[in-house]
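Written below as structure tokens is the structure these notes are about.
The values are calculated or read from the model by the stated rules, or taken from the named source; none is laboratory data. Since the model is a prediction, treat every value here as computed from it, not as a measurement. Reconstructed Cβ throughout: ideal geometry from the backbone, glycine too, with neighbour counts over all protein chains shown.
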Amino acid sequence: MNITASPIALQDIANKLGVAVSTVSRALRNSPGIHPRTREMVMKEAEAQGYVAPRRKNGGEARAEAKQILILTAGTETPTDYLAGLSRAALQLNIALHFHFADRSLRDRLMEPQNLPPALRDELISGVVLVYRWPQAVIAELAKKLPVVSIVHTYPDSPVDVVGIDHVGGMFSLIKHLKSSGRERMGFLGLNAGTSWSRSRFAAYLEARLELGLPATMDHVIDLDLARPLEEEIPRVMERVLKGLNQGVHAWVCADDFIGYVLCKELLERGIRIPEDAAVTGFHRHPNIRHGNLPPLTSTDVDSELIGFKALQALARRLEHPEAAPHLELVPACFFPGRTTPVPKRPS
């Protein structure tokens, strides 16, 4: 019997499995947007009731439809590099992309019916790629329904695949550069306990110091509340930075380029020369940042388009192997020599 059977029969399967009739119908039609485990469950129950998978009238198998994937972004900023990589991978993998830009104020309530992305509400999608940071409760609920891949951010409490950045390698290159420039006394600006990339970069900062024979200490580590506008944090931050400079800390490693450029601006406005009086580095270079007359920041270069490309590849693998353990893949962070750090000293 094919899927044009009466709604009552489909309702029998739905009642048996505790799912919607539309879910049963779409699973039997092999439509996108059904979790592989749900599809398998529906097919087994349908077979038990005497159903068979539909075929074309000429007897051939139906052509596979393009899988539909939701790209979920927190905030209104368009991550163009990530999206370019996602789009390039979609063409190769026969995947249709749905984009949803969620207002930051609604992130915690995304899964409420009135806030659900239309593609997710209508059960059109087979998986989700996350851009930027999302609340753990939202991730946990999403991961129960669909395969999920996160760009950069990690969620240890949920079975989420991650395509991220090699923070260890990138941070080592920065600390080695500062040490070879004679700036062994340094601080870290931008530690935020609730943000995985900030934690990872700080951990990599400590690891690099140990590897290079520098003490691993919490002295001159400045935290930031990344949920607040950075401008509101400046008075407290600059008080700590200036105190550090008076104590001989003449290099500051910032958790990302946005923070690094703000620090450069504040130092220069106070008459502090860069890099003569204070060296500054960022992390994860953003070529599109408008930094006016500020010198180019010493940082790390990351192929963000490659991250987007690999994220969709990871989701395609997850759809093929839904029971595999969560996977982490890292993209290199390569040293980028700006003009905010001294030239390294040559060995004598």
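Some points to look at:
- Looking across Leu312, Leu230, Leu242, Leu267, one residue alone is surrounded by 21 or more Cβ atoms within 10 Å (Cβ to Cβ), farther than 20 Å from Ile175 by Cα and free of Cβ contacts under 8 Å to residues at least 40 places away in the same chain. It is Leu267.
- For segment 308-334, a tally of residues being more than 22 Å from Lys145 (Cβ to Cβ) and basic (Lys, Arg) returns 1.
- Of Pro344, Pro322, Pro275, all but one fail to be at pLDDT below 95, of a type outside the set (D, E, K, R) and outside the structural domain of Val131 (by TED's automatic domain parsing); the exception is Pro344.
- Number of residues in segment 273-298 that are surrounded by 19 or more Cβ atoms within 10 Å (Cβ to Cβ) and either within 19 Å of the chain's Cα centre (by Cα) or more than 27 Å from Tyr205 (Cβ to Cβ) (or both) equals 4.
- Count of segment 1-31 residues which are more than 14 Å from Met43 (Cα to Cα), modelled with pLDDT under 70 and not in a helix (DSSP H, G or I): 3
- Filter result for Pro135 (of a type outside the set (Gly, Ala, Ser) and within 27 Å of Val24 (Cα to Cα)): no
- Long-range neighbours under 6 Å by Cβ, at least six apart or interchain, first residue within 23 Å of Gly85 (Cα to Cα) within segment 285-303, second surrounded by fewer than 16 Cβ atoms within 10 Å (Cβ to Cβ) and at pLDDT 90 or above: Arg285/Asp301; Asp301/Cys334
- In segment 110-151, the residues that are under 19 Å from the mean Cα position of the chain (by Cα), charged (D, E, K, R) and crowded, with 16+ Cβ neighbours inside 10 Å: Arg133
- Counting only residues that are in a helix (DSSP H, G or I) and within 30 Å of Asn246 (Cβ to Cβ), segment 260-314 holds 10 of them.
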